[in-house]
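Below: the structure, in C-alpha cells.
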Amino acid sequence: MKIIFITLLFFAQTWVAEGQSMYQTTEGHIVMVAEINNERIIAESHKLFLFLDYNTKEISGKLELKTIDTGIGYLNEQISNADIISFSGFIPVDDFISKPHAPISFNWPLKVTAGESTFQIVLSGNLKHFNGGEAIACMLSATGDVNTTEIGLKSILPEIGETLKLQFTQVILRKNKL
C-alpha cells in the first residue's frame, strides 16, 4: 500500500510541476488596423488565446475572427462566420522570466494557420522586464503586417486593403516556484 501511495505522490508532483511550466490566457488583447474603401478601420478583440511553455519558450495562440469588433455593424456581421486563426513560434531569448534584463527587441517568426492556408510571418517583438512585484515578470509586445489575402480576410471583405497591421501586448507572469 505504501508503494502505491508513494507512486501516486510522485505522479501528482510531476503533474503539478508540468502545470507550473505552462501559462495561458484566454482574454488577450489584440488591435488590428486596415483600410476599407480607403478609410482606416481599427478593430480589436479581447479574446486572443495565448499559451506559453516557460521551458521551451514556445507561444501558441488562436483568435476566432468573429470576436473582432470594428465598431461598424455591417463589418462585424461579415466577419462573424470567419475561421479561427492559429499561430505558434518560439521567443528567441534564453531566460527572460527569472532574471532581470534590459528591454529586448527581436524578430519573432510565427507559423500561422488560417482555414486551409499555412504561412510564415515575422513580427517585431519586444520584452520589457518588470523589476519588483510578485506576479509579473515581463511585458511581451509584438507588431507586424499581415497580408489580408493569406489570412482569408480578402475573401470575406473584398474591399479591404492588402495589409492588416496588428499589435498585441501581453503580461507574462512569473513562473511559480515548487
**Asked** From Ser88, Ser21, Ser117, which residue is farther than 26 Å from Glu162 by Cα and either small (Gly, Ala, Ser) or in contact with a helix residue (DSSP H, G or I) (Cβ under 8 Å, 6 or more places away or on another chain) (or both)?
**Response** Ser21
**Request:** Can you work out which of the residues in the stretch 72-129 that are in a helix (DSSP H, G or I) and not small (Gly, Ala, Ser) is farthest from the chain's Cα centre (by Cα)?
**Result:** Tyr74
**Asked** How about the stretch 143-158: which of its residues are surrounded by fewer than 18 Cβ atoms within 10 Å (Cβ to Cβ) and touching a helix residue (DSSP H, G or I) at 6+ places or on another chain (Cβ under 6 Å)?
**Response** Ile156
**Test: residue in the stretch 35-50 that is part of a helix (DSSP H, G or I), modelled with pLDDT of 80 or more, farther than 30 Å from Ala137 by Cβ and in contact with a strand residue (DSSP E or B) (Cβ under 7 Å, 6 or more places away or on another chain)** = no
**Asked** Assuming Gly161 fulfils every condition listed in (1) surrounded by 16 or more Cβ atoms within 10 Å (Cβ to Cβ); (2) over 17 Å from the mean Cα position of the chain (by Cα); (3) modelled with pLDDT under 90 apart from one, which condition is it?
**Response** (3)
**Asked** Any chance the stretch 64-74 includes a residue that's of a type in the set (Asp, Glu) and modelled with pLDDT of 85 or more?
**Response** yes
**Request:** Return the residue satisfying two criteria in turn: it lies in the stretch 53-63 and is of a type in the set (S, T, N, Q) and either part of a loop (DSSP other than H, G, I, E, B) or farther than 17 Å from Lys111 by Cα (or both), and of such residues it is modelled with the lowest pLDDT.
**Result:** Asn55
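The values are calculated or read from the model by the stated rules, or taken from the named source; none is laboratory data. Nothing here was measured: the structure is a model prediction, and the numbers come from that model. Virtual Cβ from ideal backbone geometry, glycine too; neighbours counted across all protein chains shown.
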